[in-house]
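All of the numbers you see were taken from the coordinates with simple rules; none came from a lab. No experiment lies behind these values; they were computed from the predicted model shown. So basically every Cβ, Gly included, is an ideal-geometry build from the backbone, and we count neighbours across all protein chains shown.
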Amino acid sequence: MVHKAHPPARPVRAFRFDEHIVRRCDVVVVGGGAAALCAAISARRSGASVLMLESAPKALRGGNARHSRNFRIMHDGPTPFIQGRYDADDVRSDLRRVTGGRMDDVVADRLIGESAGIVGWLSENGVRFQDAGDGNLPYSRKTAFFHGGGKALVNALYETAARLGVDIRYDSEVYWLDLGEGLAPSVTVRCLDGEQVLSAGAVVAASGGFQANGDWLRECWGAVADQIVTRGTPHATGTVLKGLLDLGAAPVGDAGCGHMVAVDARSPRFDGGIVTRLDGLAQGVVVDRDGRRFADEGSDIGPTRFSVWGDRVARCAEGLAFSIFDSVIERRFRPSIFPAIRAGSVGELAVALGIAPKALEQTVGAYNAAIRSGGGLPDWRTEGLDPPKSRQAAPIAVPPFGAYPVRAGLTSTQLGVRVDERARVLDRCGIPMDGIFAAGVIMAPNVIGRGYLAGIAMTIGAVFGRIAGREAAAHARR
């Protein structure tokens, strides 16, 4: 989704500290998700002393990784964790397709190459992966799934980091940054004990985007920002991202873009995660607040359907739509975690949804009349209807009728800082900023500033977390 972009209303200050440095370590990692954990573990295994600062309390640690389930992995043949073959050319082709070719080829190639070994490295650090041949998950030749979901992954990596001696601090928000002008960089932290200035040999920024920053979203996206659900952590405010940009880091991506999916409108404002995603929008029809269809529900039935519908719903009046189906269609898709709104007739359903009954009845009636069947259900379509339904056009005719309210759920924003293949943050002249590295969503737009691929954000976080950690440790030693 693209919106008009403006600078944030409340800029983060960034300035020199000449005194009151109260602590120094080799590497400070800012963030507490998968990218930060991989950076901390990698730096520690490289011999550095490491302090990790997570702005969330311990109960909410892990960022968006808490809601994840798989990694997109390049592999030249079957492995114990992934089937088939998905070589470098395949991965590169998929990235070009979804981004329209707008990616840093050097950074993308580093990601693709190192993704081949990341499952083994994560396994060595406590993460357990699903056996590709056990039949418990659908066939996949592109992604490796891990046992227990995102929280299990996060807990395993935190346990490893603590065992290795990483100093982990929760409720610790970094809100000021200082490059040190050729000396050691430092960060200022607001924590439960007050404020501290921490000096480090190197800093790894792995604190994500600004999807939880309502003020920044409204400045960039307008009023629609207030209608969007944030699927992940409420602590992704973009403070460190904004601080780096203020210090001269080169931006990459677009502040007016975000990865969104269709979620149940009754989801919590923050942290609903993957379970709030709606699966069945392609099966029935989708209408706006006036009871009118506004898109071809059959045009996107593959893995990208979630993000396509997130963008569409965000453009609706009040950012709200409704997925409409009958009792037969409902059996074809996974239900929401919230109960469907049901009624004995289409008119009664409209009343329950706050839609004019006549409008919804006309929409459903015209849709049913336009259906042309032939072959199997996937080939059923409409004729003479605007917009058409090009596939899976099954009639909505058998009561009880049902509906789910739909909103756009924002996973992450797509503005970041430019990095090189060594995860070094670059300034606007393309020169590495001394001692500053980045991993995860804060630098992901180098590879995927538009569009999305399943599992790619986790892979970017793990691969560049590992790279940033070892590079930061090497820099600190120098």
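Given the rule -39500 (n - 2.57) for each run of at least 4 DSSP H residues, summed and divided by the residues of the chain, what is its mean residue ellipticity at 222 nm, to the nearest 500 deg cm²/dmol?
That comes out to -8500 deg cm²/dmol.
For region 373-477, the set of GluC sites (Glu not before Pro) satisfying both a DSSP loop assignment and a count of at most 11 other C-beta atoms within 10 Å is given as GLU383. By how many degrees, 0 to 90 and rounded to 10, does the Cα axis of helix 88-99 deviate from the longest principal axis of the chain? The two axes meet at around 70 degrees. Charging the Cβ of each Asp and Glu at -1 and of each Lys and Arg at +1, and nothing else, the dipole of the chain about its Cα centre rounds to 420 debye. The phi torsions of region 310-327, fed into the Karplus equation with coefficients 6.51, -1.76 and 1.60 and a -60° offset, translate into couplings of x, 5, 5, 5, 4, 8, 6, 4, 6, x, 10, 9, 9, 8, 10, 7, 10, 5 Hz, rounded to whole numbers, with Gly and Pro shown as x. Classify region 80-171 as rounded, prolate or oblate from the Cα gyration tensor: take a ≥ b ≥ c as the square roots of its eigenvalues, call it rounded if a/c is under 1.5, otherwise prolate when a/b beats b/c and oblate if not. Because a/c hits 1.5 or more and a/b fails to exceed b/c, region 80-171 counts as oblate. Along region 249-260 the Karplus relation, 6.51 cos²θ - 1.76 cosθ + 1.60 evaluated at θ = phi - 60°, assigns HN-Hα couplings of 5, 6, x, 9, x, 9, 5, x, 10, x, 8, 10 Hz to successive residues, with x for each Gly and Pro. Fewest-first ordering of ASP226, ASP104 by other beta carbons within 10 Å of each residue's beta carbon gives ASP226, ASP104. Angle of helix 456-477 to the longest C-alpha principal axis of the chain, folded into 0 to 90 degrees and rounded to 10: 10°. With point charges of +1 on the Cβ of Lys and Arg and -1 on the Cβ of Asp and Glu, referenced to the Cα centre of region 178-262, which listed residue (ALA249, GLY201, CYS220) lies farthest in the positive direction of the dipole? Going by the Cα projections, it comes out as CYS220. Straight-line reach from LYS151: taking Cα to Cα under 14 Å and skipping same-chain neighbours fewer than 8 places apart, the aspartates and glutamates in range are GLU159, ASP271. Taking amide hydrogens as placed 1.01 Å from N in the peptide plane, the amide H of LYS389 sits under 5 Å from those of THR382, each at least 5 positions away in sequence or on another chain.
Using the number of other C-beta atoms within 10 angstrom as an exposure proxy, rank VAL189, VAL106, VAL252 with the fewest first. Kindly include the intermediate steps, with their values, before the conclusion.
Numbers: VAL189 25, VAL106 11, VAL252 22.
Fewest to most other Cβ atoms nearby, the residues stand as VAL106, VAL252, VAL189.
Between the residues GLY133, ALA156, TRP121, the greatest Cα displacement towards the positive end of the dipole of region 49-206, with unit charges on the Cβ of Lys, Arg, Asp and Glu, is found for GLY133.
Counting only lysines at least 8 places from LYS389 when in the same chain, those with an alpha carbon closer than 27 Å to its own are LYS358. Taking 7 Å steps out from each Cα toward its Cβ at ARG332 and PHE294 produces label points 2.4 nm apart. Estimated from the Cβ-Cβ distance and a Förster radius of 41 angstrom, the FRET efficiency linking ALA356 and LYS151 is about 0.40.
Go through region 392-470 and name the trypsin sites (Lys or Arg not before Pro) that are in a DSSP coil and have 13 or fewer other Cβ atoms within 10 Å of their Cβ.
Within region 392-470, the qualifying trypsin sites (Lys or Arg not before Pro) (loop, at most 13 other Cβ atoms within 10 Å) are ARG428.
Using the Karplus relation 6.51 cos²θ - 1.76 cosθ + 1.60 with θ = phi - 60°, the per-residue 3J(HN,Hα) values for region 347-355 come to x, 5, 5, 4, 4, 5, 8, x, 9 Hz, with x marking Gly and Pro.
Expected output is a single nm value to one decimal: the length gained when fully extending between ASP279 and ALA474, i.e. 0.36 nm times separation in residues minus the C-alpha distance. What is it?
Gain on stretching ASP279 to ALA474: 65.6 nm.
Between amide H atoms placed 1.01 Å from N, distances below 5 Å from MET260 occur with THR411, all of them 5 or more places distant or on a separate chain.
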